[in-house]
Amino acid sequence: MPLLRNACIGLFSLCLPLLSQAAVVESLYQVDVPPRAEADQAAQLQVAAQVMLERLAGANAKVDSGPLAEILAQPGQVTRQIGSLGEDGALRVEFDPLLLRDALGKAKVPVLGRNRPGILVWAVEGDAYSQDFLAASGEMGQALQTAARYRGVVLTQPLADLQDRAGVSEQDVLDADQAVLAEASQRYASEGVLALTVAREDDGWALSWTFWLNDRKLTGKAESTAPLAVADELMRAVAAEVHQQYAVGGVASAAPVAGWVLEVSGINSIDAFADLQRTLQQLGMETLPSLLSVQDDQVRFHVDFAGDRAQLERMLLLDQRLVEVDAPEVQTAPTESLTETAPSSAEAAERGDTLYYRWR
C-alpha cells in the first residue's frame, strides 16, 4: 500500500504546474573564458571582465570612460580568483560582487542582480522534409545552455513529454503561435517564452526566433558556421531584453529611489525567513533591506528601490514562492471616536507604499 500511495502522489504531482523558486544565477560572478589562439592571460582576463560587466550593466553600458573603463583596464582589481580549466588554456575567473557593486554604483548604470526571469525555449530542429523538438543533449541544445550560462540567462527546455506534445506541435513552434505556447508554458512557471527554429545547413547553422517577455515581443535571426557562435548571438539578444526590463538603479531610472514596506505572511520557520531575506537581498538594490517587525507568521521589511511600483512587483514575483495578496481591510471606527482613531498622514502614506504578499 505505501508503494501504491507513493506512486499515486508521484503521478498527481506530474499534473501540477512545475513551480520553481526564484531563478537565481548562483554562478553569476564566475566567467569561464574559452581558449583563444595567441591570447595571453591578460587578454583573457579582459574578455572575462567584458562579459561580467555585460551581465550586470547590459550591452549598452558605456565602458570607454569612468569606473567601468578602469575595470576593463585593470580587471585584476575586481577579481577574487583566477584558475585554469585545463591544458587548452581556458580560464575560470571569479569576480568580487562587492567590488563590482561599488564600481557600478559609482558609474550610475542600471544593474541586473542574481534574480532573473526564467526563459523557457520551445525549439524545433530540422529541414524542409522533417522537424522534431530539439534535444537538450544534442549539439545545438548543449550550445544553447553553454551560451546562456555565459550571458547570465536562466534558460530551460520543456520536458517534451506526452503532456507537452499533446499541447504543442512542431508546427506551433515554427509558426511562433503565442497563444498555444503561452498556455503550455504555464506548466513551467517561466516569465519569458522563446520560440526557436534551428536549421542545420551544409555551411553552418541558422536560427530564427520569437521571444516574448511580459508585454514585449522580440524577433531575430542569426547564422554561423559554429553552433556556439550562433547560440551566443541569440543569448546576447535575450540577455539585452531581460536587462532592459529588469535592471534597476542608475541615472537612467524612470523613477527616483523610493522607500517601500513589504508585508509578507506565512513566514512560519527560520528557513522561510532566511529564504525571504535572501530573495530581497538579491533584487539588485543599492541598500540592503531592513527588518521592521515580526508578528506571528508576518514579517515587515523596508526596502529602497530605484524604480516604480510595477517594476518592483515584477522583480518580487520572480520568486514563485511570493504570492501577491490584497491589503487587509481597514477597521472602521464608530463615528464618535473618529477624531481619536483616525490614522495620521504618515500612517496613511505608509499604507499606500506597502506591498502585501503571502509566502508559500
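The values are calculated or read from the model by the stated rules, or taken from the named source; none is laboratory data. The shown structure was predicted, so the numbers you read here are calculated from the model rather than taken from an experiment. Quick reminder, even Gly has a Cβ in these numbers, built from the backbone with ideal geometry, and neighbours come from all protein chains shown.
Return the total of residues in segment 282-305 being part of a loop (DSSP other than H, G, I, E, B), of a type outside the set (D, E, K, R) and at pLDDT below 90.
Of all residues in segment 282-305, those part of a loop (DSSP other than H, G, I, E, B) come to 282-289, 296-297.
Pick out the ones that are also of a type outside the set (D, E, K, R) and you get 282-285, 287-289.
In the following step, the residues that additionally are at pLDDT below 90 were identified as 282-285, 287-288.
Counting residues in segment 282-305 that are part of a loop (DSSP other than H, G, I, E, B), of a type outside the set (D, E, K, R) and at pLDDT below 90 gives 6.
Going by the structure shown, is residue 297 more than 29 Å from residue 216 (Cα to Cα), free of Cβ contacts under 8 Å to residues at least 60 places away in the same chain and of a type outside the set (S, T, N, Q)?
Details: more than 29 Å from residue 216 (Cα to Cα): yes; free of Cβ contacts under 8 Å to residues at least 60 places away in the same chain: yes; of a type outside the set (S, T, N, Q): yes.
The answer is yes for residue 297.
Out of the residues in segment 306-331 that are polar (S, T, N, Q) and either in a loop (DSSP other than H, G, I, E, B) or at pLDDT 95 or above (or both), which is surrounded by the most Cβ atoms within 10 Å (Cβ to Cβ)?
Residues of segment 306-331 that are polar (S, T, N, Q), as a first pass: 311, 320, 331.
Checking which are either in a loop (DSSP other than H, G, I, E, B) or at pLDDT 95 or above (or both) leaves us with 320, 331.
Values: 320: 18, 331: 6.
That would be 320.
Report yes if residue 127 is without any contact (Cβ under 8 Å) to a residue 40 or more places away in the chain and either outside the structural domain of residue 50 (by TED's automatic domain parsing) or surrounded by 21 or more Cβ atoms within 10 Å (Cβ to Cβ) (or both), otherwise no.
Numbers: without any contact (Cβ under 8 Å) to a residue 40 or more places away in the chain: no; either outside the structural domain of residue 50 (by TED's automatic domain parsing) or surrounded by 21 or more Cβ atoms within 10 Å (Cβ to Cβ) (or both): yes.
Spelling it out, it is not the case that residue 127 is without any contact (Cβ under 8 Å) to a residue 40 or more places away in the chain and either outside the structural domain of residue 50 (by TED's automatic domain parsing) or surrounded by 21 or more Cβ atoms within 10 Å (Cβ to Cβ) (or both).
Could you tell me which of the residues 142, 163 is outside the structural domain of residue 73 (by TED's automatic domain parsing) and closer than 30 Å to residue 80 by Cβ?
Numbers: 163 fails: closer than 30 Å to residue 80 by Cβ.
Criteria check complete, one pass: 142.
Do we find that residue 105 is more than 25 Å from residue 282 (Cβ to Cβ), modelled with pLDDT under 95 and surrounded by fewer than 16 Cβ atoms within 10 Å (Cβ to Cβ) in this structure?
Working: more than 25 Å from residue 282 (Cβ to Cβ): no; modelled with pLDDT under 95: yes; surrounded by fewer than 16 Cβ atoms within 10 Å (Cβ to Cβ): yes.
Against the criterion (more than 25 Å from residue 282 (Cβ to Cβ), modelled with pLDDT under 95 and surrounded by fewer than 16 Cβ atoms within 10 Å (Cβ to Cβ)), residue 105 does not qualify.
Quick one: count up the residues across segment 91-107 that are out of contact with any Pro (no Cβ under 9 Å at 6 or more places or on another chain) and not in a helix (DSSP H, G or I). Quick ask: steps written out before the conclusion?
The first filter runs over segment 91-107 and keeps only residues out of contact with any Pro (no Cβ under 9 Å at 6 or more places or on another chain), leaving 92, 94, 96-101.
With not in a helix (DSSP H, G or I) added as a condition, the list becomes 92, 94, 96.
Qualifying residue count for the region: 3.
Inspect segment 121-134 for any residue being of a type in the set (Val, Ile, Thr), within 20 Å of residue 52 (Cβ to Cβ), in a strand (DSSP E or B) and within 18 Å of the chain's Cα centre (by Cα) and give the result as yes or no.
Applying the first criterion (of a type in the set (Val, Ile, Thr)) to segment 121-134 yields 121, 124.
Filter again for within 20 Å of residue 52 (Cβ to Cβ), leaving none.
Among the residues of segment 121-134, not one is of a type in the set (Val, Ile, Thr), within 20 Å of residue 52 (Cβ to Cβ), in a strand (DSSP E or B) and within 18 Å of the chain's Cα centre (by Cα), which makes the answer no.
If I go through segment 136-171 residue by residue, how many of them are touching a strand residue (DSSP E or B) at 6+ places or on another chain (Cβ under 8 Å), farther than 18 Å from residue 191 by Cα and small (Gly, Ala, Ser)?
Final tally of qualifying residues: 3.
Take the residues of segment 142-198 that are among the aliphatic types (A, V, I, L, M), crowded, with 17+ Cβ neighbours inside 10 Å and assigned to a loop (DSSP other than H, G, I, E, B): which is farthest from the chain's Cα centre (by Cα)?
As a first pass, look at segment 142-198 and keep what is among the aliphatic types (A, V, I, L, M): 143-144, 147-148, 153-155, 159-160, 162, 166, 168, 173-174, 176, 179-182, 184, 189, 193-196, 198.
From what's left, crowded, with 17+ Cβ neighbours inside 10 Å: 143-144, 147-148, 153-155, 168, 173, 176, 180-181, 184, 193-196, 198.
Filter again for assigned to a loop (DSSP other than H, G, I, E, B), leaving 153, 168, 176.
Working: 153: 7, 168: 25, 176: 22 Å.
If we take residues in segment 142-198 being among the aliphatic types (A, V, I, L, M), crowded, with 17+ Cβ neighbours inside 10 Å and assigned to a loop (DSSP other than H, G, I, E, B), then 168 is farthest from the chain's Cα centre (by Cα).
Filter segment 199-219 down to the residues that are under 21 Å from the mean Cα position of the chain (by Cα) and part of a strand (DSSP E or B) and list them by number. Even if it seems obvious, please write down each step before you answer.
Keep residues of segment 199-219 that are under 21 Å from the mean Cα position of the chain (by Cα), which gives 209-219.
Matches in segment 199-219: 209, 210, 211, 212, 213, 216, 217, 218, 219.
Report, by residue number, each residue of segment 82-94 that is closer than 15 Å to residue 42 by Cα and either of a type in the set (D, E, K, R) or at pLDDT 95 or above (or both). Before the answer, list the steps.
Kept after step one, since they are closer than 15 Å to residue 42 by Cα, are these residues of segment 82-94: 82-84, 89-94.
If the condition is that a residue be closer than 15 Å to residue 42 by Cα and either of a type in the set (D, E, K, R) or at pLDDT 95 or above (or both), then 92, 93, 94 are the ones that fit.
Among the residues that make up segment 36-55, is at least one of them over 18 Å from the mean Cα position of the chain (by Cα), modelled with pLDDT under 95, closer than 30 Å to residue 281 by Cβ and surrounded by fewer than 16 Cβ atoms within 10 Å (Cβ to Cβ)?
Looking for residues that are over 18 Å from the mean Cα position of the chain (by Cα), modelled with pLDDT under 95, closer than 30 Å to residue 281 by Cβ and surrounded by fewer than 16 Cβ atoms within 10 Å (Cβ to Cβ), one finds none in segment 36-55, hence no.
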